[in-house]
Amino acid sequence: MLKTTNLSYAYAPGQGLSFPDIHCQKGEHCLILGQSGSGKTTLLHLLGGLRAPQAGEVMINGTALSSLSSAALDRFRGQQIGIIFQTAHFVQSLTVSDNLALAQHLAGVRPDRARIRNLLERLGLGHKGSARPQQLSVGEKQRASIARAIINQPAIILADEPTSALDDRNCGQVLELLEEQARAVDATLLIVTHDARLKGGIPNQITIGQP
Amino acid sequence: MNILRLSWKNLTNKPLNMGLSLVLFGLGVGLISLLLVLNDQLQEKFSKNLAGVDLVVGAKGSPLQLILSSMYHIDAPTGNINISDAAPFLRPGHPIIESAIPLSLGDSYRGHRIVGTEPAFLALYGAVLAEGAMWQRTMEVVAGAGVASKLGLSIGDTFKSSHGFDQNEDLVHEDAESFKIVGILEPTGAVADQLLLTRFSSLWAVHESHDHESHDHEGHDHESEGAGEPYPKGLLDYQDKQITSMLIQFKGHNIQALNMQRAINENTEMQAATPAIEINRLYSLMGTGTKALRWLAMVIIIVSGLSIFISLYNSLKERRYELALMRVMGASRSKLLALIVLEGLLLAVLGYVLGIGLSHGAMYLLADQMRETYQYDFSWAHFLQEELYLLGGALGIGLAAAILPALQARNTDISETLSDG
């Protein structure tokens, strides 16, 4: 479960961003909509514990992120939060499969090659496990980043503009895949986007950046 | 997948950068290691070959040359001395001298020196016969273990010597009687291994055959020397002959013994030199060159440390997003620090291993040439404790090169970096 209260952040004095309270139940899928500059990415970073809010609180499964030490927050993030970014980045020196194994290792989970193989199969990347990230197409990279986000069966999946760089066909596929995989691990899915194509896909929507 | 493996993958992902850093580091470590190994082996051999000799007496000239030629069999002798002049020191019962061993030099066989001497020479180096017998007659030879093995000599073999110490077919004494191997020594690890030892009179006999027609017969009588055995008497019976030098051991180091060197140098046509003093002088001469090379190696290592630093620093720029991503996946700040430090240390360890390999490989390749120059066996498998300290130094440089990039990685602002991506 994800819950925020009175969340705000300011990059400079007088340029504060205030966000509406969010309350997503376990397994629920939410869409956070907003125009460019509305603070979507900032909100996602606050939710993922990548940035500390100046006021307010983020609670995930009953844990207040502000109560965690830096190292505990890193560990918590690795185990409980899966994040997918607009541009899929990887550790270039590792294969796709090793990138997933690294995600397990860093979260303190014993690397499970069988699970990695199964997950890649499910995402249509079974034949790409030993490929380097730079050998993947844009769509394959996005699917591989979804695989990495869910490999540790997180409680929350956060996706930042996951479809903005994709064509309509890939956009639909990725949304479907995200929802399917979130359901498979019973995770709360929260997508922040300005991509209007997603509006019809997820009925639970919050719009930010509106006066 | 663990941090060590990830460090390794990151390094091998940029083989050119890694190769350059490794080669530079390896060269620096290799040069220092080679200097250490060479220096140690040379000092060990030089010390071993001091053999308790207190004084070397020979012809006037460079004292270092006298020591090098008579004790280490490296340089050319300073000349010869008359037995009549040397006789007071060679006579048994000298109040100060425990032993005085005569040496006659001047000939060689396939680059190995032939030394005319007394059987007591063997005792200086603790040499014992492995097979055969000691020489009894002129032209009989006992071969050192190294020379016998290298030249494939065995008991009963004969050979003709060459004039001088270089291998030169034109200088072979074709008209002289052949030397005959009668014994082979056990290895000693000292210079005796590389020598062909014979009776003091053998070199006289070889050179006499040249000059026989113009030879001055005064002072000795071939008729009385017995058929087939020239110079059957003791060394002191040939006062008109010459030897190259004497190796002297004192009974004790009293004031008279200490004054002997000065007395010889001031009052005779001969020269006396103390091996320990001359070898220390040689070390200090060599030390200047060694020091310069050591500084050069240090500069190479520092440059390689800089190369590691630049390589890691540049790779950080390219891997900013990767590092932030690792934080997203749960890596702590200290894990990122450890990752970059490990990359620096891995490069240092690999550079060290390459350097040690290069150094001992070079020793292996140089060993033959060094044996010819210094008359000793040099071992490529001679490892030193200092080389372990060198590993400590290498790790220190790896750490120093990596620490700034590692701190930068540790302080990566995840949100800011990912927002830029």
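The values are calculated or read from the model by the stated rules, or taken from the named source; none is laboratory data. No experiment lies behind these values; they were computed from the predicted model shown. No Cβ is skipped: glycine too gets one built from the backbone with ideal geometry, and neighbour counts run over all protein chains shown. Accessible surface is based on the protein model in full, side chains and every heavy atom, while ligands, DNA and RNA are left aside. Shrake-Rupley method; radii C 1.70, N 1.55, O 1.52, S 1.80 Å.
Output the residues belonging to the stretch B:144-167 that are polar (S, T, N, Q) and in a loop (DSSP other than H, G, I, E, B).
Matches in the stretch B:144-167: B:Ser154, B:Ser161, B:Gln167.
Any idea which of (1) open to solvent by 50 Å² or more (accessible area, probe 1.4 Å); (2) in contact with a strand residue (DSSP E or B) (Cβ under 8 Å, 6 or more places away or on another chain); (3) modelled with pLDDT under 90 is the one B:Asn82 doesn't satisfy?
Tallying (1) open to solvent by 50 Å² or more (accessible area, probe 1.4 Å); (2) in contact with a strand residue (DSSP E or B) (Cβ under 8 Å, 6 or more places away or on another chain); (3) modelled with pLDDT under 90, B:Asn82 fails exactly one: (3).
Take residues that are in contact with a Ser or Thr (Cβ under 7 Å, 6 or more places away or on another chain) and tell me which of the strands (runs of 3 or more DSSP E) falling wholly in the stretch A:1-119 contain 3 or more.
Filter on the stretch A:1-119 gives A:2-10, A:16-18, A:55-60.
With respect to B:Ala394, is the statement that it is surrounded by 14 or more Cβ atoms within 10 Å (Cβ to Cβ), under 26 Å from the mean Cα position of the chain (by Cα) and not charged (D, E, K, R) true?
no
Do you know which of the residues in the stretch A:60-86 that are open to solvent by 60 Å² or more (accessible area, probe 1.4 Å), within 12 Å of chain B (Cβ to nearest Cβ) and farther than 21 Å from A:Val185 by Cα is modelled with the lowest pLDDT?
If we take residues in the stretch A:60-86 being open to solvent by 60 Å² or more (accessible area, probe 1.4 Å), within 12 Å of chain B (Cβ to nearest Cβ) and farther than 21 Å from A:Val185 by Cα, then A:Gln86 is modelled with the lowest pLDDT.
Looking at the stretch A:137-165 only, could you name the residues that are surrounded by fewer than 19 Cβ atoms within 10 Å (Cβ to Cβ) and part of a loop (DSSP other than H, G, I, E, B)?
A:Ser137, A:Gln153, A:Ser164, A:Ala165
Look at B:Asp170 and say whether it is open to solvent by 60 Å² or more (accessible area, probe 1.4 Å) and assigned to a loop (DSSP other than H, G, I, E, B).
It is false that B:Asp170 is open to solvent by 60 Å² or more (accessible area, probe 1.4 Å) and assigned to a loop (DSSP other than H, G, I, E, B).
If you go through the stretch B:106-143 one residue at a time, how many are in a strand (DSSP E or B) and open to solvent by less than 20 Å² (accessible area, probe 1.4 Å)?
Filtering the stretch B:106-143 for residues in a strand (DSSP E or B) gives B:106-109, B:112-117, B:129-132, B:140-143.
This time we only want the ones that are open to solvent by less than 20 Å² (accessible area, probe 1.4 Å), so: B:106-108, B:112-117, B:141-143.
Residues in the stretch B:106-143 being in a strand (DSSP E or B) and open to solvent by less than 20 Å² (accessible area, probe 1.4 Å): 12 in total.
I'd like the full set of residues that are touching a helix residue (DSSP H, G or I) at 6+ places or on another chain (Cβ under 8 Å) and open to solvent by 20 Å² or more (accessible area, probe 1.4 Å), limited to the stretch B:315-335.
The answer is B:Arg319, B:Arg320, B:Tyr321, B:Ser332, B:Arg333, B:Ser334, B:Lys335.
Here's the yes/no breakdown for (1) surrounded by 17 or more Cβ atoms within 10 Å (Cβ to Cβ); (2) touching a residue at least 12 places away in the same chain (Cβ under 8 Å); (3) among the hydrophobic types (A, V, I, L, M, F, W, C):
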site	(1), (2), (3)
B:Leu339	yes, yes, yes
B:Gly344	yes, yes, no
B:Ala348	yes, yes, yes
B:Gln369	no, no, no
B:His382	no, yes, no
B:Ala400	no, yes, yes
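Can you tell me which of (1) farther than 25 Å from A:Ser97 by Cβ; (2) charged (D, E, K, R); (3) touching a residue at least 12 places away in the same chain (Cβ under 8 Å); (4) open to solvent by 70 Å² or more (accessible area, probe 1.4 Å) is the one A:Arg132 doesn't meet?
Unmet for A:Arg132, out of (1) farther than 25 Å from A:Ser97 by Cβ; (2) charged (D, E, K, R); (3) touching a residue at least 12 places away in the same chain (Cβ under 8 Å); (4) open to solvent by 70 Å² or more (accessible area, probe 1.4 Å): (1).
What do you reckon, is A:Ala52 open to solvent by 10 Å² or more (accessible area, probe 1.4 Å), within 14 Å of chain B (Cβ to nearest Cβ) and either in contact with a helix residue (DSSP H, G or I) (Cβ under 9 Å, 6 or more places away or on another chain) or at negative phi (or both)?
So A:Ala52 passes the test.
When the stretch B:1-56 is examined, which residues are found to be among the aliphatic types (A, V, I, L, M), within 14 Å of chain A (Cβ to nearest Cβ) and open to solvent by less than 30 Å² (accessible area, probe 1.4 Å)?
B:Met1, B:Ile3, B:Leu6, B:Leu11, B:Met18
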